[in-house]
Structures are given as structure tokens and as C-alpha cells.
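Structure record follows, encoded as C-alpha cells.
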2 protein chains.
Amino acid sequence: MQYRPAPVSPRTKVRRHPERGVYESETIRAILDEGMVAHVGFVENGTPVVIPTAYGRDADTLYLHGSAAAAWCKRSGGGEPVCVTVTLFDGLVLARSTFKHSMNYRSVVVFGTPRLVTDRREKLHGLECIVEHLVPGRSREARAPNENELLATSVIALDLDEASAKIRAGGPIDDEADFGRPVWAGVLPSSMTYGPPQPDRNVPPLVDVPDYVKNYAR
Amino acid sequence: MQYRPAPVSPRTKVRRHPERGVYESETIRAILDEGMVAHVGFVENGTPVVIPTAYGRDADTLYLHGSAAAAWCKRSGGGEPVCVTVTLFDGLVLARSTFKHSMNYRSVVVFGTPRLVTDRREKLHGLECIVEHLVPGRSREARAPNENELLATSVIALDLDEASAKIRAGGPIDDEADFGRPVWAGVLPSSMTYGPPQPDRNVPPLVDVPDYVKNYAR
């Protein structure tokens, strides 16, 4: 993985809990690669709108896709700014005081003005990145998009030029005055787990669950 | 649980895949109750900003909190519109074609202009809702906020008047022409799992892991 410290902009600078801010490309990429759902924010009629969506990554480009008719795709492909946030929830932090309760998490926030991918080859590549992000290995087996499917889909590319990560890890940080309280404190770790695979009806009898599904992990 | 069909507004109406739109209060509440992280979108200097945060719910009010100094709290408490989205990722949907790949998910999108909670009693209640949302039972044990902690925190209330859910469940919906392909298809279900609890140092020796942590489930 190429190491490239992302430049810190006024927007990406982590202002609350600055000690949690991370700006290295390596960390940003790793969080994006582990995440599954991005929350895309855009402005519609002056109001913020946040929608969940899938994504993929190639080097420092994030690919998003959606129906060519979707409002957010039209806007995002039309030179309007977006904010894309990916959050991994790592655990609950139970402190002795209500106030010090927290979550362990790793998040990435990307600001930018995406571009609509119009080049046919990049569009196919962007879609492949998204499928490979969800299920590595899948694009070798699944049928590639045909012309109608390509027309029905918009692919949007967003550079990771203006991105930052924020990480909270470890136990509660209680006031020492609270240590004596007869209250359990600690972390309840959380993670996403997968499986067992549920085959669709109509899968031909000789087709087994592929290894990349059987051994799926992130 | 009170049943109240939320009115459908132009903003909450699910436009893409309208068959996935759900507007019943019961469904919206259940998704919010199962979720852990909300993605709050607001507009800052004309740009969308999306940040992850904890939340709690009481009836049809969503409570969010943050540092009193945080930009988004100032904005959200200052009469500016927000969009709050909670997404539960339920699984990967592997179709025979790249195009038909999907995710199973349940999401809620809430639009509105929140209010800053200034009433001391409601503020304490809002914070309790947030802690109880994260770890039910916890607020009976953890020390309640003191005056300094209360001053340092902003609590923001957002009504669920303008909210909708979107749900995708079930297997892939392939074109029949693809059924014969020798490609496995189906669902790889996903869920958040917890534990085992990691005690903090300094927990007094006789304090055991409480049942609400030991048996934590969502």
C-alpha cells in the first residue's frame, strides 16, 4: 500500500478530540476497505440529505454508483459537493460516569466534488471496484454488465484528496475520583460477523458455495 | 409501542425502489432502536458535512448529544436543518450478474430542524435516553452528570415527524436468462456481534460484569 499523508484542510481537520484525528493515507484506505456502507451527504433545496450506499476504492479514488435517475447521482455527477462518511463501530465504552461513556470507532470523512464517470472503460472498472469491495473475487464469476445495465447506472468518482480519519480505541477515561465506585467499567467489543451463506433457489445443483463466500472475512 | 403512520413528505418519500419504502412509526422506531451509530448531515458554508454520532430515542423524539463547542451542535441547535440517517447492514446479496448485486439493509432517514434542549430536566432525560439506548440498564449504575459535565454537553432533540424507512431483504433478483449460469448466488447474512467484555483496570475486585453487559444483545 502506497503511503501518502493526506494534506490537512480546514474541513478535514478533526476539531473535536483532535488527538483522534489521523491523516495518513494508509489508515484512511484501511478503514474504507473494511467498511461496507458509506453515508453520502449532499445538499438538495438547501437541506442536507444523507443516504447509505455501497462503494469501492482504487488507489485514492472512491467509486460510488446508483441509478442514473437518482437525484443524488445527478447532483453528485453535476459538480455539486458531497461528503462521504464511512464508520466502523468497534465497541461500547462503559465508564463509571454517564458523561464518560463512549464508543470505539474508526471513521473516515471525505469532502469533495465528484465527477460523473463517462468513459466506458472507467465506468466498468468503477463497477468492478464496487463489487470487488463487497465480495473480493466475485467479479471473475458474475456476468459483467451489458449495455442496458451500463446505461441504467451512474458511476461517480470522488478523489480522496480531502479526507481524514478519526479513531477512538481503548477503555473508558474516567475521572480518578470515580475509580472507587462499585460500578463495572470496560469495553464491550463489537464486530460485524457473516454467514452461513444462504443459497438462492435456482442455483444449478453442481454449483457449490465458492471459497470466497465460505471463508468471507473482513 | 404506539402505532402512528408517519405522514409522507416529498422529502421522505422513497423515490428509488419505492417498494422498499416503509412509513410506519413502528418500523422506523424498531430500526432506530437497533442501530448504534447515526450519521448526521448538516450544511456548513454551503457544503454538506456528515458525521457519525450516538443517539437515543423517547417516543417520537430523537436525542443527539455532543460537545457544547462542536460546530454541528451549534448549528443543529441554532435552527438549521439536519438529516439523520441510521443504517443496519443485514447482508450481501450475490447475484449471477454484477448489476444485480445488492445489500440487504434497513435504514431510516429523518429530516427536520432540531431544537437545542435547554430545560435541565429534559437535558438529563435526553442524556439518559442516549446511554440507555447504547446499554439498557446502564443509567441505574453509572454516575449521573454533574453541573460542569452538563454545561460541557449539548443535547439536541429532533422530532420524528418527517421520517421514512427503506428496507431491502431476501435473495438476489436475477434475470431469468442468468439462472442457468454456473455461478453460486445467494445471501451472505451479516450482523453485529458483541463481547466478551474487557474490564477496565481499576475496577474494584468484588465488582462483577453486570448481567446487562454479560447478556448484551440487540
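Please enumerate the residues belonging to the stretch B:132-176 that are surrounded by 14 or more Cβ atoms within 10 Å (Cβ to Cβ) and among the β-branched types (Val, Ile, Thr). Within the stretch B:132-176, B:Val135, B:Thr153, B:Val155, B:Ile156, B:Ile167 meet the criteria. Filtered by the rule that a residue be touching a helix residue (DSSP H, G or I) at 6+ places or on another chain (Cβ under 6 Å) and more than 14 Å from chain B (Cβ to nearest Cβ), the stretch A:18-69 gives A:Arg57, A:Asp58. Scanning the stretch A:38-61 for residues that are in contact (Cβ under 8 Å) with a residue 40 or more places away in the chain, touching a Pro at 6+ places or on another chain (Cβ under 8 Å) and surrounded by fewer than 19 Cβ atoms within 10 Å (Cβ to Cβ) turns up nothing. Taking the listed residues B:Leu134, B:Leu150, B:Leu158, the one that is under 30 Å from B:Phe42 (Cα atoms) and more than 10 Å from chain A (Cβ to nearest Cβ) is B:Leu158, with no other qualifying.
For A:Pro204, are the conditions met, namely being within 7 Å of another protein chain (Cβ to nearest Cβ), in contact with a helix residue (DSSP H, G or I) (Cβ under 6 Å, 6 or more places away or on another chain) and within 30 Å of B:Pro172 (Cβ to Cβ)? Give the steps one after another, and end with the answer.
Working: within 7 Å of another protein chain (Cβ to nearest Cβ): yes; in contact with a helix residue (DSSP H, G or I) (Cβ under 6 Å, 6 or more places away or on another chain): no; within 30 Å of B:Pro172 (Cβ to Cβ): yes.
When the stated conditions are applied, A:Pro204 does not pass them.
Checking the structure you have, find out if any residue of the stretch A:96-112 is within 29 Å of B:Arg96 (Cα to Cα) and surrounded by 22 or more Cβ atoms within 10 Å (Cβ to Cβ). Talk me through it step by step, then tell me what you get.
Just the residues of the stretch A:96-112 that are within 29 Å of B:Arg96 (Cα to Cα), to begin with: none.
Looking through the stretch A:96-112, none of the residues is within 29 Å of B:Arg96 (Cα to Cα) and surrounded by 22 or more Cβ atoms within 10 Å (Cβ to Cβ).
A:Arg96 passes every criterion in (1) facing chain B (nearest Cβ under 7 Å); (2) closer than 17 Å to A:Thr12 by Cα; (3) in contact (Cβ under 8 Å) with a residue 60 or more places away in the chain; (4) not hydrophobic (A, V, I, L, M, F, W, C) apart from (2).
Is it the case that B:Gly180 is more than 9 Å from chain A (Cβ to nearest Cβ), in a loop (DSSP other than H, G, I, E, B) and over 20 Å from the mean Cα position of the chain (by Cα)? Spelling it out, it is not the case that B:Gly180 is more than 9 Å from chain A (Cβ to nearest Cβ), in a loop (DSSP other than H, G, I, E, B) and over 20 Å from the mean Cα position of the chain (by Cα).
Read-outs: derived from the displayed coordinates by stated rules, not from any lab. Predicted model, so just to flag it, every value in this text is computed and none were measured. Quick reminder, even Gly has a Cβ in these numbers, built from the backbone with ideal geometry, and neighbours come from all protein chains shown.
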